[in-house]
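Colleague: I have a structure here, written as structure tokens, and I will follow up with some questions on it.
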Amino acid sequence: MATLVAYGLLWIELGDRAGHIVIHRSEMVYHRPVRGEIRAICRRPPEAELAEFRRQFAATGKALGHAITV
């Protein structure tokens, strides 16, 4: 679920519906079992990081994003 939320954030931020988002690696640590409703909240990276990501993507058709916290 966390991976899907991060994917959604990038898809919305890029605004390029023809672009392909590939998630190279995802890690999740569970400290205890989930026994109720699960929510995933993706914190938007700082605008400067998003601007650089968009610039790289526009120039080359691909860009590397670093950690997106969910």
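Colleague: Can you go through Ala67, Ala58 and tell me which one is at pLDDT below 80, open to solvent by 80 Å² or more (accessible area, probe 1.4 Å) and small (Gly, Ala, Ser)?
Modeller: The unique qualifying residue is Ala67.
Colleague: Being modelled with pLDDT of 80 or more and hydroxyl-bearing (Ser, Thr, Tyr) is the filter; apply it to segment 1-39 and report the residue that is most open to solvent (accessible area, probe 1.4 Å).
Modeller: Here the residue is Tyr30.
The values are calculated or read from the model by the stated rules, or taken from the named source; none is laboratory data. Remember, predicted model here, so these are calculated numbers, not experimental data. For accessibility, only protein heavy atoms count, side chains too; no ligands or nucleic acids. Shrake-Rupley method; radii C 1.70, N 1.55, O 1.52, S 1.80 Å.
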